[in-house]
Amino acid sequence: MKNKPERDAALVMYLFRKKLKKGILKFFTIVLIMGLCFTICYPLLSLVPVVFSSIEELGNPNVIWIPLEKSVISFQAAARFILPDGFLTMVRSILYAVGIMLIQIFFSAAAGYALARVNFWGRRLVFGMVVLAFLLPRQSLLLAQYIYFNHFDILGIMDLFTKQGEINLINNPVSLVMLAIFGFGVNQALFIFIFSQFFKNIPRELEEASLIDGCGFYRCYFKIMIPNAVPVISTVAVLSFVWNYGDTYFTNYFNPEGSYLSTILSSTFQAANKEYVMNAVQTWYEVPLVPDMAFDAVKQAGVLIFLVPLLIVYLIGQRKLVENMENSGLVG
């Protein structure tokens, strides 16, 4: 038997080792989190000495983190390149992304509900085709979609309205709307899958109780299912807005002359336009010598301008997005 002083000393050593172990674990956790944060934030932090430096100082080896002479010429030049109509260009891009987002939510929710709750012949086959549409590369469907919209016709009905019997929907925003309506929008197969998994996990008792109370099929869907699907709707809304706002694939092929901010940004800052961008900056702002890094500085400033709406959406909905992803049924 140990006496009381020995027991007290052993207890003190035990508590000390426990606290030391907890402190070491906490220290390494903080170091790991700080390292991950630095890794994520470093690309943005490295932009500061580039986009906020004067054009003459770009490439100066003495400038590491803080510019010697602060300037916003890079932002001014980027705005003149990618916002030809001022902020109206950004507003149009936002409205386009919001419009396609609403269409995708409406039709994806309806398709997901039908696949999850309606028993019809070939349901599993249709669900497999939805998954296959998500797994297939978009390029494999491009040729068929392009030909379809280039010679658009529905069972010969166009003969009643046009002399040639078909119309060309290429370079028309209607083609992008139709892609969203028929479930082939940007990653729309994933949205249908998310809605299907979510509706599959809703208890059938809710549906049966609503039918007993006199709700029909459509009223049950709009009054019971849709209100319960608010978490997954908000998740799909954020993803759809982000992906459609930054999409350059469908917009370049089906509406290349549309003034979308993403396509303007990608086309303006191609490597072939480097001399044009540098000469324009030199002319606009009367810079005697424009280094090669000016092209990258203006391009990165343009990217930051492009990211403003996405950052606002993220700051507003990042907490809800994480919570809703946990409850969206993806692991069910």
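The values are calculated or read from the model by the stated rules, or taken from the named source; none is laboratory data. Source: prediction; values computed, not measured. Reconstructed Cβ throughout: ideal geometry from the backbone, glycine too, with neighbour counts over all protein chains shown. Side chains are part of the model used for accessible areas, which takes the heavy atoms of the whole protein and leaves out ligands, DNA and RNA. Shrake-Rupley method; radii C 1.70, N 1.55, O 1.52, S 1.80 Å.
General observations
- Restricting the first member to the range 174-189 and to residues that are under 15 Å from L142 (Cα atoms), and the second to residues that are surrounded by fewer than 17 Cβ atoms within 10 Å (Cβ to Cβ), the beta-carbon pairs closer than 8 Å and six or more apart or on different chains are F184/L141; V186/Y249; N187/F134.
- Pairing each residue of the range 10-21 that is in a helix (DSSP H, G or I) with any residue that is loosely packed, with under 10 Cβ neighbours inside 10 Å and modelled with pLDDT of 80 or more, provided the two are 6+ apart or on different chains, yields no C-beta distance under 8 Å.
- Residue count for the range 210-233 satisfying the condition of being part of a helix (DSSP H, G or I) and either at positive phi or in contact (Cβ under 8 Å) with a residue 12 or more places away in the chain (or both): 11.
- Of the criteria (1) open to solvent by 70 Å² or more (accessible area, probe 1.4 Å); (2) outside any helix (DSSP H, G or I), which one Y314 fails: (2)
- Residue within the range 211-220 that is closer than 30 Å to L142 by Cβ and surrounded by 15 or more Cβ atoms within 10 Å (Cβ to Cβ) present: no
- Taken over the range 62-93, the residue count meeting the criterion of being open to solvent by 80 Å² or more (accessible area, probe 1.4 Å) and either of a type in the set (F, W, Y) or assigned to a loop (DSSP other than H, G, I, E, B) (or both) is 9.
- Residues that are of a type in the set (G, A, S) and not in a helix (DSSP H, G or I), drawn from the range 234-266: G246, G258, S259
- Within the range 191-202, being closer than 19 Å to F250 by Cβ and either modelled with pLDDT under 90 or β-branched (V, I, T) (or both) holds for one residue alone: I192.
- Comparison of P309, P291 shows that the only residue that is more than 16 Å from the chain's Cα centre (by Cα) and open to solvent by less than 70 Å² (accessible area, probe 1.4 Å) is P291.
- Checklist (1) open to solvent by 30 Å² or more (accessible area, probe 1.4 Å); (2) under 21 Å from the mean Cα position of the chain (by Cα); (3) of a type in the set (F, W, Y) applied to Y245, failing item: (1)
- Leading residue by the ranking (nearest to V298 (Cα to Cα)) among those in the range 26-48 that are of a type in the set (S, T, Y) and outside any loop (DSSP other than H, G, I, E, B): Y42
- Flag if M158 is surrounded by 12 or more Cβ atoms within 10 Å (Cβ to Cβ), modelled with pLDDT under 85 and assigned to a helix (DSSP H, G or I): yes
- Neighbours by Cβ (under 6 Å, 6+ apart or cross-chain): first from the range 283-295, touching a residue at least 24 places away in the same chain (Cβ under 8 Å); second open to solvent by 30 Å² or more (accessible area, probe 1.4 Å): Y285/I73; V290/Q282; P291/G59; M293/G59; F295/K274
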